[in-house]
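The values are calculated or read from the model by the stated rules, or taken from the named source; none is laboratory data. What you are looking at is a predicted structure, and each value in this text was computed from that prediction instead of being measured. All Cβ positions, even for glycine, are placed from backbone atoms using ideal geometry, and neighbour counts span all protein chains on display. Accessible surface is based on the protein model in full, side chains and every heavy atom, while ligands, DNA and RNA are left aside. Shrake-Rupley method; radii C 1.70, N 1.55, O 1.52, S 1.80 Å.
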Amino acid sequence: MAMTWFKESRYAWIGLGSLWIIGVIGGLTRFSMAFFQVQISEDLQISRGFISMAWSTNLLITALCAPLGGWLVDRYGPKRVLLLSAAMSTLGTGVVMLGHHPIVFFIGYGVICGLAGIGTTTNYMLLFQWFRHHRAKAMALLGSASSVGLAVITPIFVSVGWLTWNDAFKASFALGVLVTLPIIWLGIKGPQQENMKKARVDSSIEVEGDATPIGGISSPKKFVHLSIFIVVAIALFTCGLNMGTVEMNLVAIHQLADVSPNMIALSMSILGIMEITGTLAFGYFLDRYNKLIMMSILYGIRIIGFAFLFMHLGVSPILFAIAFGITYLSAVPGGLLIINEFANGKGKQTGFLLLFHQGGGALGALIGGIFFDYFQNYQSLIIVDVIICIFATLGYFVLFTTQRRSLRIQHNKATVSKVL
């Protein structure tokens, strides 16, 4: 009998730990692009719009690779796909590190690192296969990896003034070769093909037997599933747009508002810490409470955060870091869990939903640079984030009220039938 930890197989937790370490290393690239935008612009003699275009290209290619990754996993297995993804990421950072030229930077980060997106869907598919009782927590823990990297790396680079964005890419390349690739080779063994098929069958049985679609209808209706898919797709697109705004432009927004470097460093550290705290908290609640209302609350908190960022108060960097950080890493897992549990979501749906998320990120990064070049500020970008967060909040809330109304109608019908 296989050993279990907290009702899950031991291998599930070992695999999660391996993916988590890989995610922490991936935080280096995220940090360097977010923190050193001004320095990259000056060193390479390029505009922020060009950097935004490289970032957007990266996210767009990642988005297009997400459905492809799901297909490759089904055909060749998760280990090979993850190895290829890590190899592309390592190669991309190596190209950026060795070539100090705008075109080389664009190809290395924008194109080659973007191709690493074939592994995006793989992580979620593996977690859906490995975990039965703690899926939300597992997804939350995996999502916290890059935030741990951000929270640890930021103070190091701020306190050691001579470290640059190029040093961050060098470290990312070295860790990719020495740590990421060996971990995937040794730690992500994956279930044997027979076990993978069995896990898919068990998962299908579990979903069909236990998951109740929105509205409490035992036989799923296409219209209900379509409405869920549309709302989750809009919400994930919103999350991506928020991500493009924050990861690409947050430091520049603070710098334009004359926020001191120490305050920026403090807010970035708080952002990373709150991402970890928030993802664990929402992971706990998503496993226990109605996921629709939890996601509506999540996007409501984001609206408050962007409102503080728009006002540029003295404490805005801290308040935004708290509000956005606590919600940042739970939007994608929450949306995918809703699809997986309420609408019998499968790997292909996961890939296409991640396509919406990455597409939103590409657009957020791109329009951020365009808005700055045109308006010389980011206020219009923040307004766009607020408006689209309102749509996501209302979408989840309407689904929640629809679910409650349907359950109430069913309860009344059942009561009447018993009386008769």
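Using 1/(1 + (r/R0)^6) with R0 = 30 angstrom and r between the beta carbons of Val179 and Tyr289, what's the FRET efficiency to the nearest 0.05?
Efficiency, rounded to the nearest 0.05: 0.20.
Using a 1.4 angstrom probe and counting only protein chains, how large is the accessible area of Val315 in Å², to 10?
Ignoring ligands and nucleic acids, Val315 comes out at about 80 Å².
Using a probe of 1.4 angstrom, how much of the accessible area of region 220-411 is carbon and sulfur, in percent? Spell out each step's value before the answer.
Details: 5670 of 7710 Å².
Ligands and nucleic acids excluded, carbon and sulfur give 74 percent.
When the chain is fully extended, how far beyond the present Cα-Cα distance does Leu98 get from Val398, taking 0.36 nm per residue of separation? Don't jump to the answer; show the numbers that get you there.
On the way: separation 300, 0.36 × 300 = 108.00 nm, distance 5.11 nm.
Full-extension gain reported as 102.9 nm.
May I ask you to compute the full-extension gain from Leu64 to Thr277, defined as 0.36 nm times their residue separation minus their alpha-carbon distance, rounded to one decimal in nm?
73.6 nm
Need the full-extension length gain, Leu83 to Trp162, defined as separation in residues times 0.36 nm minus the C-alpha distance. One decimal, nm.
25.1 nm
Kindly rank 47-53, 100-106 from highest to lowest mean number of other beta carbons found within 10 Å of each residue.
Most protected by this proxy first, the peptides run 47-53, 100-106.
State, as an integer percentage, the relative contact order of region 220-411 based on alpha-carbon contacts under 8 Å between residues 6 or more apart.
Relative contact order here is 42 percent.
Compute the orientation-averaged projected area for region 13-62 from the convex hull of its Cα atoms and round it to one decimal in nm².
4.1 nm²
I need the Debye-formula profile for region 1-120: one equal scatterer per C-alpha, no solvent, reported as log10 I(q)/I(0) at q = 0.17, 0.19 1/Å, two decimals.
The Debye formula, applied to the Cα set alone, gives -0.87, -1.02.
Heavy atoms of the protein only, probe of 1.4 Å, neighbouring chains included. What is the accessible area of Met243 in Å², nearest 10?
Around 20 Å² of this residue is reachable by solvent.
Provide the FRET efficiency to the nearest 0.05 for the Gln45-Ile387 pair, computing r from the beta carbons and using R0 = 22 Å.
The formula returns an efficiency of 0.05 here.
Sticking with the crude label model, points 7 Å out along Cα→Cβ, report the distance from Ile14 to Val315 in nm, one decimal please.
Computed distance between label sites Ile14 and Val315 equals 4.8 nm.
Show Asp287, Asp373 ordered by accessible area, largest first, where the area counts protein heavy atoms only and the probe is 1.4 Å.
Values: Asp287 50, Asp373 80 Å².
The ranking, largest first, comes out as Asp373, Asp287.
Taking only the C-alpha atoms, wrap a convex hull around region 220-411 and report its volume per residue in Å³ as a whole number. Display every interim value, and only then the final one.
Values: hull volume 20.8 nm³, N = 192.
Taking only Cα atoms, region 220-411 has a hull volume of 108 Å³ per residue.
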